[in-house]
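Asker: Sharing a structure below in structure tokens format, with a few things to ask.
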Amino acid sequence: MILSAAGAALVLDDSGPGLPRVRHFGAGLGPVAGAALLPALTSPAPALLPAQGDGWYGRPGLSGVRDGEHWPVRWTVSRFDAVAEPGSGGAVTVVAADDRAGLELVSELVMDGGGLVRMRHAVTNTASSPYRVAGLTCALPVPGRAGELLDFTGRWALEKAPQRRAFGQGVWSRENRRGRTGHDATGLLVAGTAGFGFRGGEVWAVHAGWSGGHVHYAERMAEGVALLGAGELLEPGEVVLGQGESYRTPWVFFTWSGGGLDDAGARLHAHLRARPLPVRPVTLNNWEATYFDHGLDRLVELAERAAAAGIERFVLDDGWFRHRRHDRAGLGDWYVDEDVWPHGLHPLVSRVRELGMQFGLWFEPEMVNPDSDLARAHPDWILGHAERLPPPQRNQQVLDLARPEAYAYLLERLDALVGEYALDYIKWDHNRDIAEPVHDGAPGVHAQTLAAYRLLDELRARHPRLEIESCSSGGARIDYGILARTDRVWTSDSNDALDRQAIQRWTGLLVPPERMGAHVGAARDHVTGRSLPLAFRAATALFGHMGVEWDLTSVSQEELAELATWIALHKRLRPVLHAGRVVRADHPDPSALLHGVVLPERAVFAYVQLTSRLAVAPDPLRLPGLDPASVYEVRVAGPVPEGAMLPEWAGPAAAGPLRLTGAVLGELGLPAPSLRPASALLVELTRA
């Protein structure tokens, strides 16, 4: 059985006993019948769910224990349904059982038209005694030439830091027990050929689309077989199946590329882009402008300044609800504070809409402050053991969403507020790790995550036009489970543009620009304390879902006009930035970055000088991803950075736009400007 699309192929061999074996996942194999491949498929191959009964002595795909007699699982397939559309992917469903072990398995595998593979398994207990699931993961093989691993780590305000290592024998496992995706979550675990980069090398990658505990792992056996795998990370006793009950894994996503990380990322982006979004409005969030100071006059002035700069959406952040004058009280009391807002939020909402902007509101539904009316009335709604509270973080605890009464309260409050104010947008925050989660005497992250998904799904069903942002103290909940239910992620709590260049670069492997929040912060960043010019802050935010998080009431008219220029530029380029293919050059100068977004007719690139350059002359700008045969007109887009020394083609004396083929621009490139540190030059290309 061969699934193929977009130059990728997956080969399943169902000729033997037991589950089908995955013989190949990688480059396309051309128009060849599956039977004709058998002589070439001599190397060891893992089953769709690896187990010792199939000759696999690595990490098992399923682990668990039955209360009573233990039987290792050997699957007998009862159904193999496959729909293959050569060149367009297809789907496979395998149903198997082991009557002696008392288990049934349903495995689903789908390849979409972009060559992206997603997989999930479901196991059902068919016996009378309980079955305790310890783990159920999805895995696909990678070949021996995949000799390097790339994964990511991070912390608050500095997410997605890359780290590379050799892919040797044994297991490299990234495990997360934070109850949310985590600042240090890898997001993608990548295996590749030696020296792979953005534009070259062969790579394979895996991502678990799950917002709770999770695991990503790479394993190479002495027998010569290697795997990439991922799934939910379960705590002991978290999933116990009674007779007839099932556990299903989240979707796990696998991508392959013969042309480096950019192509692998493009296949992932296509999956998210299959769910279309409306035009992404330039957004102002008031948090770093006013914090908990919610005076109506000040917020109206901020909204008026925002509208004057061309901003299209105003989001009121933390501090609008009862008892919330600081971060030590009020979470859970989701009623507009009558002392601060005697007429409700209506005066502000009305003025924002008069100014032509949408209105959004911040919530943190899954959390509660012990100092709140909700916690005092319902202490039993806190996720934890009844006799002892979990350790506090950020002065807050977690609400047990799997408790029906807590869930119903949150749904009623969210539904009522979205309805009363006709909210266009919710910033949905989640500001702490989940520690010691106990639900009905068992570990509670699995049930909590599913309940959060249900809450989001139900709210969206009641308000189909509502847009929702996933924020988790910045980028601590970015995964395809939450992105199936939300419209963008808050990439990081740091708006420092230098740090953001790297954060957005690596987060962008998984998330396309239009779903990645990127804001222009204040001149002096409130996290790092670093001061950066407006032009650099704006050029960085331009390549995401652009927004502003800055007290515009304190800026000069000149700064407001400069910001308005950048916002207008973003709007003009938005059709390219939010629909094109993201490309990143493997630029030889470590002090600079070169990245862009490419459509067939148009492209936008940024040449970013991060730090001082060691070489006297900058390296040429070799622009990747263009059609080699097409001729492009090349011009500078937007303001020229202060102190830039421009080459002739970009300078004021240029006779007109430069015209070059994509082949020349990709191979020879453009003479580069000489830029000061923390500055960027934008280049726009139009096919002639």
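The values are calculated or read from the model by the stated rules, or taken from the named source; none is laboratory data. On a predicted model such as this, the values are computed, not experimentally measured, just so you know. Cβ placement follows ideal geometry from the backbone for every residue including glycine, while neighbour counts extend to all protein chains displayed.
Asker: Restricting to the stretch 508-537, count the residues that are assigned to a helix (DSSP H, G or I) and more than 30 Å from R462 (Cβ to Cβ).
Answerer: Residues of the stretch 508-537 assigned to a helix (DSSP H, G or I): 513-515, 534-537.
Now restrict to residues that are more than 30 Å from R462 (Cβ to Cβ): 534-537.
Summing the residues that are assigned to a helix (DSSP H, G or I) and more than 30 Å from R462 (Cβ to Cβ) in the stretch 508-537 gives 4.
Asker: Select from the stretch 44-78 the residues that are among the hydrophobic types (A, V, I, L, M, F, W, C) and either within 18 Å of A97 (Cα to Cα) or touching a Leu at 6+ places or on another chain (Cβ under 6 Å) (or both) and list them in ascending order. Outline the logic, then answer.
Answerer: The first filter runs over the stretch 44-78 and keeps only residues among the hydrophobic types (A, V, I, L, M, F, W, C), leaving 45, 47-49, 51, 56, 62, 65, 71, 73, 75, 77.
The answer is A47, L48, L49, A51, L62, V65, W71, V73, W75, V77.
Asker: Could you please let me know if V634 is over 26 Å from R500 (Cα atoms), outside any loop (DSSP other than H, G, I, E, B), among the hydrophobic types (A, V, I, L, M, F, W, C) and modelled with pLDDT of 95 or more? Before you say what the answer is, go through the steps one by one.
Answerer: On the way: over 26 Å from R500 (Cα atoms): yes; outside any loop (DSSP other than H, G, I, E, B): yes; among the hydrophobic types (A, V, I, L, M, F, W, C): yes; modelled with pLDDT of 95 or more: yes.
Yes.
Asker: I'd like the full set of residues that are more than 26 Å from the chain's Cα centre (by Cα) and among the hydrophobic types (A, V, I, L, M, F, W, C), limited to the stretch 227-246.
Answerer: V239, V240, L241
Asker: Just to be sure, is P20 over 28 Å from the mean Cα position of the chain (by Cα), farther than 23 Å from A122 by Cβ and not basic (K, R)? Before the answer, list the steps.
Answerer: Values: over 28 Å from the mean Cα position of the chain (by Cα): yes; farther than 23 Å from A122 by Cβ: no; not basic (K, R): yes.
Here the answer is no, as P20 does not meet what is asked.
Asker: While we're on this one: Hey, S43 hits all of (1) in a loop (DSSP other than H, G, I, E, B); (2) closer than 16 Å to C138 by Cα but one; which does it fall short on?
Answerer: Single failed check for S43: (2).
Asker: Which of the residues spanning the stretch 346-404 are without any contact (Cβ under 8 Å) to a residue 40 or more places away in the chain, in a helix (DSSP H, G or I) and surrounded by fewer than 18 Cβ atoms within 10 Å (Cβ to Cβ)?
Answerer: Across the stretch 346-404, the qualifying residues are S350, R353, E354, R376, A377, P379, D380, P404.
Asker: So if I check each of D457, D433, D373, D440, which one is acidic (D, E) and closer than 23 Å to D337 by Cα?
Answerer: Details: D457 fails: closer than 23 Å to D337 by Cα; D433 fails: closer than 23 Å to D337 by Cα; D440 fails: closer than 23 Å to D337 by Cα.
Criteria check complete, one pass: D373.
Asker: Which condition number does S129 fail, the rest of (1) closer than 30 Å to D98 by Cβ; (2) crowded, with 19+ Cβ neighbours inside 10 Å being met?
Answerer: If we test S129 against (1) closer than 30 Å to D98 by Cβ; (2) crowded, with 19+ Cβ neighbours inside 10 Å, just (2) comes out false.
Asker: Next up: Keeping to the stretch 463-483, report how many residues are surrounded by fewer than 24 Cβ atoms within 10 Å (Cβ to Cβ) and more than 10 Å from the chain's Cα centre (by Cα).
Answerer: 8
Asker: How many of the residues making up the stretch 419-446 are assigned to a helix (DSSP H, G or I), closer than 23 Å to R488 by Cβ and in contact with a strand residue (DSSP E or B) (Cβ under 8 Å, 6 or more places away or on another chain)?
Answerer: Step one: list which residues in the stretch 419-446 are assigned to a helix (DSSP H, G or I), which gives 419-421, 445-446.
Subsequent filtering for residues that are closer than 23 Å to R488 by Cβ retains 419, 421.
When the remaining residues are screened for being in contact with a strand residue (DSSP E or B) (Cβ under 8 Å, 6 or more places away or on another chain), the result is 421.
The number of residues fulfilling the criteria is 1.
Asker: On to the next question. Of all residues in the stretch 263-288, count the ones that are of a type in the set (A, V, I, L, M, F, W, C), within 30 Å of R305 (Cα to Cα) and buried (at least 23 other Cβ atoms within 10 Å of the Cβ). Explain how you work it out, then say what you get.
Answerer: Taking the stretch 263-288 as the starting set, the residues that turn out to be of a type in the set (A, V, I, L, M, F, W, C) are 264, 266, 268, 270, 272, 274, 277, 279, 282, 284, 287.
When the remaining residues are screened for being within 30 Å of R305 (Cα to Cα), the result is 277, 279, 282, 284, 287.
If we keep only those that are buried (at least 23 other Cβ atoms within 10 Å of the Cβ) as well, we get 282, 284.
Result for the stretch 263-288: 2.
Asker: Would you call V597 touching a residue at least 24 places away in the same chain (Cβ under 8 Å) and either in the same structural domain as E559 (by TED's automatic domain parsing) or closer than 20 Å to L498 by Cβ (or both)? Walk me through it before giving the result.
Answerer: Working: touching a residue at least 24 places away in the same chain (Cβ under 8 Å): yes; either in the same structural domain as E559 (by TED's automatic domain parsing) or closer than 20 Å to L498 by Cβ (or both): no.
Taking the combined requirement at face value, the residue does not satisfy it.
Asker: Could you list all residues from the stretch 154-188 that are among the polar types (S, T, N, Q) and farther than 26 Å from P236 by Cβ?
Answerer: Residues of the stretch 154-188 that are among the polar types (S, T, N, Q), as a first pass: 163, 169, 173, 176, 181, 186.
Of everything in the stretch 154-188, those that are among the polar types (S, T, N, Q) and farther than 26 Å from P236 by Cβ turn out to be Q163, Q169.
Asker: Could I ask something else about it? Looking only at residues that are of a type in the set (D, E, K, R), in contact (Cβ under 8 Å) with a residue 40 or more places away in the chain and out of contact with any strand residue (DSSP E or B) (no Cβ under 6 Å at 6 or more places or on another chain) in the stretch 464-495, which one is nearest to P677 (Cα to Cα)? Working first, answer last.
Answerer: Keep residues of the stretch 464-495 that are of a type in the set (D, E, K, R), which gives 465, 467, 469, 477, 479, 485, 487-488, 493.
Now narrow it down to the ones that are in contact (Cβ under 8 Å) with a residue 40 or more places away in the chain: 465, 467, 469, 477, 479, 487-488, 493.
Filter once more, keeping what is out of contact with any strand residue (DSSP E or B) (no Cβ under 6 Å at 6 or more places or on another chain): 465, 479, 493.
Values: R465: 42, D479: 33, D493: 23 Å.
Per the stated criteria, the residue is D493.
Asker: Limited to the stretch 602-614, what total is found for residues that are within 19 Å of Q504 (Cα to Cα) and part of a loop (DSSP other than H, G, I, E, B)? Lay out the reasoning, then the answer.
Answerer: Taking the stretch 602-614 first, the residues within 19 Å of Q504 (Cα to Cα) are 603-611.
Narrowing further to those that are part of a loop (DSSP other than H, G, I, E, B): 610-611.
Counting residues in the stretch 602-614 that are within 19 Å of Q504 (Cα to Cα) and part of a loop (DSSP other than H, G, I, E, B) gives 2.
Asker: Taking H294 as meeting all but one of (1) outside any helix (DSSP H, G or I); (2) touching a Lys or Arg at 6+ places or on another chain (Cβ under 7 Å), write down the number of the exception.
Answerer: Every condition holds for H294 apart from (2).
Asker: Quick test of your reading of the structure: S257 fulfils all but one of (1) of a type outside the set (A, V, I, L, M, F, W, C); (2) buried (at least 23 other Cβ atoms within 10 Å of the Cβ); (3) not assigned by TED's automatic domain parsing to the domain that holds A8. Name the failing condition by number.
Answerer: Checking S257 against (1) of a type outside the set (A, V, I, L, M, F, W, C); (2) buried (at least 23 other Cβ atoms within 10 Å of the Cβ); (3) not assigned by TED's automatic domain parsing to the domain that holds A8, the one that fails is (3).
Here is a yes/no grid of residues against (1) modelled with pLDDT of 95 or more; (2) over 22 Å from G419 (Cβ atoms):
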residue: E304; (1), (2): yes, yes
residue: H326; (1), (2): yes, yes
residue: L355; (1), (2): yes, yes
residue: W362; (1), (2): yes, no
residue: L383; (1), (2): yes, yes
residue: L389; (1), (2): no, yes
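Asker: Only one residue in A615, A606 is modelled with pLDDT of 95 or more and either buried (at least 16 other Cβ atoms within 10 Å of the Cβ) or not polar (S, T, N, Q) (or both). Which one? Give the derivation first.
Answerer: Details: A615 fails: modelled with pLDDT of 95 or more.
Going through A615, A606 in turn, just one is modelled with pLDDT of 95 or more and either buried (at least 16 other Cβ atoms within 10 Å of the Cβ) or not polar (S, T, N, Q) (or both): A606.
Asker: Residues being of a type in the set (G, A, S) and either farther than 22 Å from P281 by Cα or part of a helix (DSSP H, G or I) (or both): count how many of those fall in the stretch 447-472. Lay out the reasoning, then the answer.
Answerer: Going residue by residue through the stretch 447-472, those that are of a type in the set (G, A, S) are 447, 451-452, 461, 470, 472.
Narrowing further to those that are either farther than 22 Å from P281 by Cα or part of a helix (DSSP H, G or I) (or both): 447, 451-452, 461.
The total comes to 4.
Asker: May I pose another question? Which residues, taken from the stretch 91-122, are among the polar types (S, T, N, Q) and crowded, with 21+ Cβ neighbours inside 10 Å? Full working, then the answer.
Answerer: Here is the first cut: in the stretch 91-122, the residues among the polar types (S, T, N, Q) are 93, 107.
Of everything in the stretch 91-122, just one residue is among the polar types (S, T, N, Q) and crowded, with 21+ Cβ neighbours inside 10 Å, namely S107.
Asker: Here is a list: L665, L685. Which entry is part of a helix (DSSP H, G or I) and either out of contact with any Lys or Arg (no Cβ under 6 Å at 6 or more places or on another chain) or buried (at least 16 other Cβ atoms within 10 Å of the Cβ) (or both)? Explain how you work it out, then say what you get.
Answerer: Numbers: L685 fails: part of a helix (DSSP H, G or I).
Matching residue, one of L665, L685: L665.
Residue-by-condition table, conditions (1) at pLDDT 95 or above; (2) part of a loop (DSSP other than H, G, I, E, B); (3) at negative phi:
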{"residue": "H70", "(1), (2), (3)": "no, yes, yes"}
{"residue": "V73", "(1), (2), (3)": "yes, yes, yes"}
{"residue": "R79", "(1), (2), (3)": "yes, no, yes"}
{"residue": "E108", "(1), (2), (3)": "yes, no, yes"}
{"residue": "G113", "(1), (2), (3)": "yes, yes, yes"}
{"residue": "A122", "(1), (2), (3)": "yes, no, yes"}
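Asker: Now for a separate question. Out of the residues in the stretch 279-294 that are in contact (Cβ under 8 Å) with a residue 40 or more places away in the chain and out of contact with any helix residue (DSSP H, G or I) (no Cβ under 8 Å at 6 or more places or on another chain), state the one that is farthest from G319 (Cα to Cα).
Answerer: Top of the filtered list is P281.
Asker: Just one of (1) over 30 Å from the mean Cα position of the chain (by Cα); (2) closer than 27 Å to R267 by Cβ trips up P50, so point out which.
Answerer: Going through the list (1) over 30 Å from the mean Cα position of the chain (by Cα); (2) closer than 27 Å to R267 by Cβ, P50 breaks only (1).
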